[in-house]
1. For the stretch 12-24, give me each residue that is free of Cβ contacts under 8 Å to residues at least 60 places away in the same chain and under 14 Å from residue 52 (Cα atoms).
2. For the structure I just gave you, tell me whether residue 205 is within 19 Å of residue 85 (Cα to Cα), outside any loop (DSSP other than H, G, I, E, B) and in contact with a helix residue (DSSP H, G or I) (Cβ under 9 Å, 6 or more places away or on another chain).
3. Name the single residue, out of those in the stretch 122-138 being assigned to a loop (DSSP other than H, G, I, E, B) and within 16 Å of ligand 2 (Cβ to nearest atom), that is surrounded by the fewest Cβ atoms within 10 Å (Cβ to Cβ).
4. Can you tell me which residue within the stretch 103-118, out of those that are within 13 Å of ligand 2 (Cβ to nearest atom) and not in a loop (DSSP other than H, G, I, E, B), is surrounded by the fewest Cβ atoms within 10 Å (Cβ to Cβ)?
5. Test each condition in (1) within 12 Å of ligand 1 (Cβ to nearest atom); (2) touching a helix residue (DSSP H, G or I) at 6+ places or on another chain (Cβ under 6 Å) for residue 33 and report the one that comes out false.
6. Of all residues in the stretch 151-164, how many are closer than 21 Å to residue 134 by Cβ and either crowded, with 19+ Cβ neighbours inside 10 Å or at pLDDT below 95 (or both)?
7. Considering each residue of the stretch 139-157, count those that are assigned to a strand (DSSP E or B) and farther than 13 Å from residue 23 by Cα, and give that number.
8. For the stretch 40-77, enumerate the residues that are part of a loop (DSSP other than H, G, I, E, B) and within 16 Å of ligand 2 (Cβ to nearest atom).
Ligand SMILES: Nc1ncnc2c1ncn2[C@@H]1O[C@H](COP(=O)(O)OP(=O)(O)O)[C@@H](O)[C@H]1O
Ligand SMILES: [Mg+2]
């Protein structure tokens, strides 16, 4: 397995008649966004415009104001801190393939909040990449996500590498090293444990050795 073979497999998904949606799942910090960016760079543009779009599940984080109201702010990132219904509805719109432009929200890391209208999916996009922790979760709401995806790939890095990068990302976005480590232990690790249980449902598991070849984004 190489990036080239993954690109080829992704391209094959677009050979059918319908718009293809490829899911990339994995734990927090497992390399989903890095892989999506590499695929996007390889499959991005044709003479007809953007041929591939990238819609992160992250954009469906509930806003802090709603998490506070629900009493879930302290475990932001858990499955019940996302608007899964909104995500499924967006995936259905994408698959319906009837609109010139569909806008999706993104998760803005400096704000640590979702931002509406941040990601455009133009009609020209015949492959839509969507990445997130819970694409394979077999639970009410999340179950409906899988039905909208042609394939789901699972990023499976070495656990120690993943954890180290996750802590580094938290500190890069403003947490102290102690706060970052505490957040990973209290919130990210339990979420990762739930994600890891879904690995066997993936169509393809991408090992750490392949993810390492992608290099830092
Ligand atoms: N192959 C790699 N080499 C070095 N750093 C990497 C590599 N892949 C990912 N990273 C870094 O690790 C962190 C987590 O990767 P990311 O793709 O954001 O994971 P996810 O989207 O699954 O949370 C990011 O800070 C990213 O820059
Ligand atoms: Mg990501």
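1. 12, 15
2. Working: within 19 Å of residue 85 (Cα to Cα): no; outside any loop (DSSP other than H, G, I, E, B): yes; in contact with a helix residue (DSSP H, G or I) (Cβ under 9 Å, 6 or more places away or on another chain): yes.
When the stated conditions are applied, residue 205 does not pass them.
3. Residues of the stretch 122-138 assigned to a loop (DSSP other than H, G, I, E, B): 123-126, 133-138.
Those still in the list that are within 16 Å of ligand 2 (Cβ to nearest atom) too: 133-136.
Numbers: 133: 25, 134: 21, 135: 27, 136: 24.
In this case the residue turns out to be 134.
4. Filtering the stretch 103-118 down to residues within 13 Å of ligand 2 (Cβ to nearest atom) leaves 106-109.
Still in the list and also not in a loop (DSSP other than H, G, I, E, B): 106-108.
On the way: 106: 18, 107: 17, 108: 14.
Among them, the one singled out is 108.
5. (2)
6. 9
7. 1
8. Just the residues of the stretch 40-77 that are part of a loop (DSSP other than H, G, I, E, B), to begin with: 44, 47-48, 51, 62-63, 71-72, 76-77.
Those that are part of a loop (DSSP other than H, G, I, E, B) and within 16 Å of ligand 2 (Cβ to nearest atom): 76, 77.
The values are calculated or read from the model by the stated rules, or taken from the named source; none is laboratory data. Everything quoted here is computed from the prediction, not taken from an experiment. All Cβ positions, even for glycine, are placed from backbone atoms using ideal geometry, and neighbour counts span all protein chains on display.
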